[in-house]
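Encoded as structure tokens, the structure appears first; notes follow it.
Since every read-out is calculated from the coordinates, none of them should be taken as a lab result. This structure is a prediction, so every number in the text was calculated from the model and none was measured. Quick reminder, even Gly has a Cβ in these numbers, built from the backbone with ideal geometry, and neighbours come from all protein chains shown.
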Amino acid sequence: MVDAIARSRGAKTVVDVGSGQGYLAQALSFEYQLAVIAIDASSHHASVTNTRAERIKKHYAAKCVEKQQFKVPRTVTCHVLSSDTLAAVVLDACQDNHGEHVTESNNCNQSSPQIGQPNHSIPQLVLAGLHACGDLSVNMLRVFVSCEQVQALVSVGCCYNLLSEDCHEDTDTSPGFPISNAAKSSKLVLGKSIRDLACQSAERWRSLTKEMALQNFDIHAFRAAFQMGCIVC
């Protein structure tokens, strides 16, 4: 689907946001020969992506009779905390066009207002995020709206409990909710309980017995306590 969307929009570059260990990035690179920039907050994930890409490259090279230049995902390690950060990372990665993958460490404190302006050195691209946790989906939406180089957006939101909210978060960046004028004007508030419930599958809970449901509640309670402890530390 990502390949079909990219080609329909004339884009040959895909930015995989929240790429994890690079499964989507590698499929798009090796199977569909798209230029892929894989952005993730974990340097370990970048290392795994690069190592696996080398193995896949050797596998494809062994199958080819003629020597062929394979596209390999480029990895960028960055904790995307705002749409400005994401825009800046995308801009830098697209302008620094290496043939082979390069693991890059960005300070991620930069902003890039010029990304919304015409820049012919930056290729047309697609933003993709198949596991865009919390505010990551929102930041992708903002970059899609503000950046003319981004021709399409493929985003699967998740981890809604991590979505920041205007009335509950003390942050210097724009909150993840609300973002529409309609929601802002209506003073719509979700709250943590509703955001936590959005992560739960009604079908899964419905299929559980009472005993199993209580056990699940215990597991969620311990996990929540552990997460709060990590945040405090």
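Residue separation times 0.36 nm, minus the C-alpha to C-alpha distance between His59 and His79: what's the value? All intermediate terms of the calculation are to be shown ahead of the outcome.
On the way: separation 20, 0.36 × 20 = 7.20 nm, distance 3.18 nm.
Stretched out fully, the His59 to His79 stretch lengthens by 4.0 nm.
Any chance you could check the Cα centroid distance between segment 47-91 and segment 1-19 for me, in angstrom?
Cα centres, segment 47-91 to segment 1-19: 14 Å.
Would you mind classifying segment 9-80 by shape? Square roots of the alpha carbon gyration tensor eigenvalues, ordered a ≥ b ≥ c; an a/c under 1.5 is rounded, otherwise it is prolate if a/b is larger than b/c and oblate if not. Intermediate values should be presented prior to the final figure.
Numbers: a/c = 3.00, a/b = 1.46, b/c = 2.06.
Taking the square roots of the gyration eigenvalues as a ≥ b ≥ c, segment 9-80 is oblate.
By how many nm would the segment from Ile5 to His131 lengthen if fully extended, with 0.36 nm per residue of separation less the alpha-carbon distance? Could the numbers behind the result be given before it?
Details: separation 126, 0.36 × 126 = 45.36 nm, distance 1.80 nm.
Between Ile5 and His131, full extension yields an extra 43.6 nm.
Among the lysines, which fall within straight-line cross-link reach of Lys71, defined as a Cα-Cα distance under 25 Å, with same-chain neighbours fewer than 8 residues apart omitted?
Answer for Lys71, where 25 Å is the Cα cut-off: Lys12, Lys57, Lys58, Lys63, listed by chain and number.
Could you give the length gained by full extension between Ser47 and Ala213, i.e. 0.36 nm per residue of separation minus their alpha carbon distance, to one decimal place?
This chain segment gains 55.9 nm when fully extended.
Taking the alpha-carbon distance from Lys192 and a cut-off under 22 Å, which lysines remain once sequence neighbours fewer than 8 residues away in the same chain are dropped?
Lys184
How far apart, in nanometres, would the label points at Cys159 and Ser180 be if each is projected 7 angstrom from Cα along the Cα-to-Cβ direction?
2.5
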